[in-house]
Structures are given as structure tokens and as C-alpha cells.
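Here's the structure we're looking at; comments come further down.
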2 protein chains.
Amino acid sequence: MATSKSRQAAVKQSLVSLADIVIEAANKKKDPTIKIPVRSLSNVDFNPRKGIIEMGKKKQERTFFNLGMAKKFMQTMLVADALAELQNANLTTSLREIYYRTKHTIEGSHENTFDNQNESDPVIEDLEVSLEALREELHVRADNGGTMVGPVIIEDDGDRVDCTKLGKGGYSIPSIVEPGYVDIKKCTADFVLLIEKGTQWNRLSEDKFWRKYNCVMLTGNGQPPRGVRRLARRLHEEKKLPVYVLVDNDPWGYYIYSVVKQGSINLAFESQRIAIPKAKFVGLSSADPAKYGLPRNVGIKLNDKDINRAKELLNYPWFQKKEWQKEIKGMLASGLKFELDALANKDFQYLTKQYLPRKLKERDWLD
Amino acid sequence: MATSKSRQAAVKQSLVSLADIVIEAANKKKDPTIKIPVRSLSNVDFNPRKGIIEMGKKKQERTFFNLGMAKKFMQTMLVADALAELQNANLTTSLREIYYRTKHTIEGSHENTFDNQNESDPVIEDLEVSLEALREELHVRADNGGTMVGPVIIEDDGDRVDCTKLGKGGYSIPSIVEPGYVDIKKCTADFVLLIEKGTQWNRLSEDKFWRKYNCVMLTGNGQPPRGVRRLARRLHEEKKLPVYVLVDNDPWGYYIYSVVKQGSINLAFESQRIAIPKAKFVGLSSADPAKYGLPRNVGIKLNDKDINRAKELLNYPWFQKKEWQKEIKGMLASGLKFELDALANKDFQYLTKQYLPRKLKERDWLD
């Protein structure tokens, strides 16, 4: 793919340009300085027009000839060098291995370049925001973190993988799903269903829900990792598919949905490439226990932590819509939260045969 | 598969036979009683001849007309009924959904059949050991919990999945890999490599290590879940493949290896179907840092917990071999543990290009 190749070249060039800054400064006998966007709450805001949480424009300088910054400057250059090595060899690696790769004792001293990973991880984040490159574009990966089935054909490392032909198990979603790594060759689905928990994904996969309702089903077994979110976003963007998010009826379920939709405060920089502002919340909603006849004794009493978290959510700018206030207040008023698993109280296939079909038919979701 | 079908019929029959006990007792106006093997340390032992941890023969009775046991007896029957429902409909489900499915308020009272999942989980384990059926054969699953690539073709739900053609991502290993669910149709590999951590699996998958060394590579991203262990065991047994286990050089790595090999004390009943007594430990060994020139500063100082755990391991019957005593004492003497990730200190592909090839060539493993 030409676009993915030119993007890779741009990322590589941006790493090289960091070295150029140092060389240029040395030639001019100046203090080498790089500018790094500020990664703190004060520089993060919700953009209601775009519907995402994004970073502001504040930057700070990191210079070499400054006692307080010299070590961090050196660390930044070491990590950038390791990242350039990955680009040149076309390899990916983990945060932890970058720490090990860049750790050594400085010649003629007993000082280590890094004492532990807490020092190298933030440097990688600094580089992400400075170079405006996703971690994945810098070839930094995490473990495989999710599973996919449905009518989509992808190309991964030269292999054409048809996700309708992987049994109940499915395709193990890699951490890096950028164009060039994973290409979406064909997708005939009508929508994407992003399922919080593996257990419901398994239920739906076993029942071949994706076949009857023509959808791609993804799960990240809990808070979906970046690879799962990015792949859902690419299916949304490249194949124009709506994304429905299925989570537990509790403050953590709401939060997972909101991270998929708006991005998160901690990783605000990435929202523009990972968030899915048009994602819909399809359940489990506070109104569902009554609507679907779930007995009160399969609800779980809200504890103080749940109540406090729900009250925090009520104040988030992206939950100000009337429907969302009603949704969250509904949970608080009932005093109960419900897991999707509780649908099994009706029968083991209630999710597949009753709950989701009715939800989709009635277009019963929140935006 | 005939064998898997007859096995399924046997499991189903054993569930029905529980109901028969109650009916028979009722007809004879006797107290319905079932016998349940004792699942405590006192009834678990290491069998050095078989090389596995296994359960003894002690059993206890659970009867209905006994104030202390009546509720548990009822719970056992409710769970057995739910499990029979799964067999009849040919569905699988989770521990949590069984809890929800069997929970209700007993008519004419305010008493719930189960108040929380801590009550239903042990009943399922009781049934496993009583009926001599693996949890998976009772159709109880967990989340997908691992990944596989390499020259093996499996059949999953009617789909033929060629694990050489799934890119870097690989096949997401389901929780239930029993015959009939997952069948190993063809495997031309020379060995199985079971890798503790996802990050090394990803390194090797990216480098197509499995192609050059003709192996099947599995990971469970940490302590391998039952599905991963069972699939490794089936590859070992059905395809006569040796299994090599690659873990960190720390007490937890040794322990993970030992669970793969001998089984665990908590789940002693399953060892005979899941353990791989001939599995070999291929590294990271205490002698490796010196042999492969890893600097001391990428080692991690052993803490008190590590030291105590290592001393416990030294006393386990299955670590009594001379080589194992030397291995564990070597780690204690150095005062350091090493992660596989630390190999990246040499270079990002050191694991693929130097470490593992030499290990395999020199047959440098522990039994």
C-alpha cells in the first residue's frame, strides 16, 4: 500500500530529524533543544465538535545543557535511536524490550542510562506526541489482545485471512493493526459489534450470530486494548460501518464505551486516530432489566465506589446529553448494576436469540 | 469423530445418572446420597512413576436429609441440571453464567438458591471429579486465552484452519479444545514450543521462527490457561511431538513449567488429561546469562518473595533431580533473576537468531 509506505517513510524521517537537531546544534555550538507537547490534564480538552478528547497546543522544551534535563535528553535520544533501529530493520518490539535494549552502564561511571522501565515508558510517550506518530507506527507493540470473527478478509503478513472460516476461535488481533501490517481487503458486513467481555463474544461466536446478522464481532476481553479499538475504527472509517458497543450495565461499562467513542484523557493524543465518535451504546442499559424481565436478584447492589464513579460520569462533558443523564441516573435510582452474564438467567442463548435481535430491530441504542 | 461422540454420550449419561440416584432413593424412601472425591491437599499426591500430581481415592458422602448438607445437595442437583441442559442443547457457557442460570428465589421463601458465585464454582468442581469429566467436557468454558501459529491444520466448528496462513496474528485458542470442538487434522511440525509470554511469542511469530525450525508455537500470555495446556498436550499425544517450554528465569517461570509438566495441586484431578510429563524446560536457565553474555545490570535482584518461593520449589518432589537442584540453587547463588525480554539487550532478534537456535542445536534443556 502506497499510503502506508509513505506514512512509514514519514515516521522514519521524523526520528532521523531528532538526530539532525543535535548535529545542527553541535555545529553551531548551541544547546540542542527539542519541543515536546505537554502531556498533562491542563493540556487536554473535550472537543464537542469533533466529539473526541484531544490534546491542546502547549509545548515544553527539553534541552541538553541543563542539569535537570540532561539525563532525560540523553534518554530521549537513546530511545529515539532504538526506535530508528526498529524502523530500519522493520521489526516491532515491546515497551519492556526497549527498556532493556537502551539500558547500559555509561562508560567510565557506575551510572545506568535507565534504572527501570518507569523511566523509558514516558520517553516513548513523549516521542509519540512530539513526532505525531502512534506508538504502533513507532513499531512498539503489546501482546495480542483480542479476537475477531465475521465477514471480513484481512491481509496479515502476506496471508489472506478470511474471518468467516476460523471456527469459533477466530482471529487473534495483533497489537499493531496499522495499514501495511493488517490490511482490510474485503468486508461485506453491515456493522461492527464491539463486545466488552469474552464470555458474550464466545456465546455469540458459538451461535454464529455474525452470520445471521451480518456483522463483524470483536472483543478485547475487558477494556479493549488499542489494537482492537484501532481495528474497529478502521472498519468504521474504511468500510463505513456503524459500530455498536455492548458492555455491562455499570459505571465501568459506560466508561469503556466512552473510551471507545471519545478516547481517554491519558492518551488524548491518540483520539484522532483511535476514537470512534459515532459509536453507539447498545446495552446493557438501565431500562433493560425491566424491559427484558430480569429479576432483581440477578442485579448486583451498587457499592460506594460504583455510586461515586457514576456521579463522576454524570459530570463528564460527553455525558451531558439528556438520554445519557437519564441512563446513568436510572442506574443510580435502581441501586443495582447488571452484568450481561445475568441474561443467562432467562436462558443460555437469551443474548443471541432475544436480547440483541430486539435491540437491533428497535434501534434501541444511545449515542 | 466417533471417539469424541461416545465420550460426549458418556458425560451426558453420567449427569443423568445423578438424577437417577435421587429418583431411586425416593422410590425406596431412602436418603439420596452422592459420593464426591475429596478435593483437599490431604488427597493429592505426586506420582513419580507417571510424573504427574494426582488425586487419591478418598471420597465423602453428600446427602439430602442432613441439615448441614441439604442446601449443598440441592445446589449440586441444580448445577447438574444446568450442565445437562448444556449437553442437550450442545452449548457451552461460563462459570458465571451457570451461577446466574441456577440462581432463583425458592418459592414461598426469601431464600436464594445461590447468593454468589463462590457457592456455585466449587459445586462444578465437585461434579468434575465425581463424574470424572473435565470442565470442558461439561461444556464450561473460560475466555479465549492464547494464540497459536505453525504447521498445523485444525478443524474448528467445520472450518479448516491452516495455522501457517494466519499472518503474525495467529489462531485465537478457545477455552475448549476437546475432540469434536477442535480436531487436529494434520500437523507436520517437529516440536511444540510453549512460550510463557506474549512478547516473545510475537517476536518469534514476526520472525517466522516456526517456519525455519518447523514447530508449532503457542502462548497463553502468562500462566497458560487450560485450553493452551490441553492443546499442547493433544499435539504431544496425538502427533507424538516433544514439547519445549520457554519461560523467564525466575521462580514463577519454573513453576509455570512445572504446572505444564506435572499439573497443579489445586487441579490435581485434571493432570491425567492436561499434564505433559515429558515436557522439557528450554530456558531461560540460570546458566544462560553467563553462557550468552548478558550483563548483570539487566538482571533483577531477587526479593524476599522470590527467595522464599525458590526455596519452596527446592523441596517439591518433582524438582529433586540433581540438575534441577543445581538450576534453582544457581539462581539463588547469583542473587538475580532474568526475564527473556532482557535478551533484547544484545539485539532485538537475539532470541530468534542466536539464543533459541543454539539451545535447540545443543539440546540444552532440562527434563
Verdict on B:Glu136 being among the charged types (D, E, K, R), at pLDDT 95 or above and closer than 30 Å to B:Lys59 by Cα:
no
Give me the residue from the range B:178-196 that is modelled with pLDDT of 95 or more and assigned to a loop (DSSP other than H, G, I, E, B) and, out of that set, nearest to the other protein chains (Cβ to nearest Cβ).
B:Glu196
Condition check for B:Asn308: part of a helix (DSSP H, G or I) and surrounded by 13 or more Cβ atoms within 10 Å (Cβ to Cβ)
no
When you go through (1) closer than 25 Å to B:Glu339 by Cβ; (2) more than 8 Å from chain A (Cβ to nearest Cβ) one by one for B:Thr147, which number turns out not to apply?
(2)
When you check B:Arg135 against the structure, is it at the interface with another protein chain (Cβ under 9 Å from one of its Cβ atoms), within 25 Å of B:Ser17 (Cβ to Cβ) and surrounded by 18 or more Cβ atoms within 10 Å (Cβ to Cβ), yes or no?
no
Scanning the range B:276-302 residue by residue, the ones that are more than 14 Å from every other protein chain (Cβ to nearest Cβ) and assigned to a loop (DSSP other than H, G, I, E, B) total 8
If we scan the range B:35-45, do we find a residue that is more than 30 Å from A:Glu339 (Cβ to Cβ) and in a loop (DSSP other than H, G, I, E, B)?
yes
Being touching a Gly at 6+ places or on another chain (Cβ under 8 Å), within 9 Å of chain A (Cβ to nearest Cβ) and surrounded by fewer than 24 Cβ atoms within 10 Å (Cβ to Cβ) is the filter here; which residues of the range B:162-172 pass it?
B:Thr164, B:Gly167
Matching residues, the range B:220-252, being outside any loop (DSSP other than H, G, I, E, B) and free of Cβ contacts under 8 Å to residues at least 40 places away in the same chain
B:Glu237
The residue that is surrounded by the most Cβ atoms within 10 Å (Cβ to Cβ), considering only those in the range B:74-98 that are of a type in the set (Asp, Glu) and within 9 Å of chain A (Cβ to nearest Cβ), is B:Glu97
Residue list for the range A:14-67, restricted to those being of a type in the set (A, V, I, L, M, F, W, C), touching a strand residue (DSSP E or B) at 6+ places or on another chain (Cβ under 9 Å), over 21 Å from A:Gln320 (Cβ atoms) and in contact (Cβ under 8 Å) with a residue 60 or more places away in the chain
A:Leu18, A:Ile34, A:Ile36, A:Met55
Between A:Arg203, A:Arg273, A:Arg211, which is under 16 Å from the mean Cα position of the chain (by Cα), assigned by TED's automatic domain parsing to the domain that holds A:Val152, in a helix (DSSP H, G or I) and basic (Lys, Arg)?
A:Arg273
Of residues in the range B:99-120 being more than 8 Å from chain A (Cβ to nearest Cβ), closer than 23 Å to A:Gln349 by Cα and β-branched (Val, Ile, Thr), the one surrounded by the fewest Cβ atoms within 10 Å (Cβ to Cβ)
B:Thr113
Qualifying position, being more than 30 Å from A:Asn47 (Cβ to Cβ) and surrounded by fewer than 19 Cβ atoms within 10 Å (Cβ to Cβ), among A:Lys57, A:Lys71:
A:Lys71
Have a look at B:Gly220, B:Gly299, B:Gly253 and point out the one that is surrounded by fewer than 20 Cβ atoms within 10 Å (Cβ to Cβ) and in contact with a Lys or Arg (Cβ under 9 Å, 6 or more places away or on another chain).
B:Gly299
Run A:Ile195 past the list (1) over 18 Å from the mean Cα position of the chain (by Cα); (2) farther than 24 Å from B:Ala344 by Cβ and report the number of the one that doesn't hold.
(1)
Output yes when any residue across the range B:313-324 is among the hydroxyl-bearing types (Ser, Thr, Tyr) and in a helix (DSSP H, G or I), and no when none is.
no
Let me spell it out: the conditions are (1) within 13 Å of chain A (Cβ to nearest Cβ); (2) out of contact with any strand residue (DSSP E or B) (no Cβ under 6 Å at 6 or more places or on another chain); (3) crowded, with 20+ Cβ neighbours inside 10 Å, and B:Gly158 meets all of them except one. Which number is the exception?
(3)
Out of the range B:313-332, which residues are over 24 Å from B:Ile195 (Cα atoms) and either touching a residue at least 24 places away in the same chain (Cβ under 8 Å) or within 14 Å of another protein chain (Cβ to nearest Cβ) (or both)?
B:Pro317
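The values are calculated or read from the model by the stated rules, or taken from the named source; none is laboratory data. Quick caveat: nothing in here was measured; it's all calculated off a predicted structure. Glycine gets a Cβ as well: all are built from the backbone with ideal geometry, and neighbour counts include every protein chain shown.
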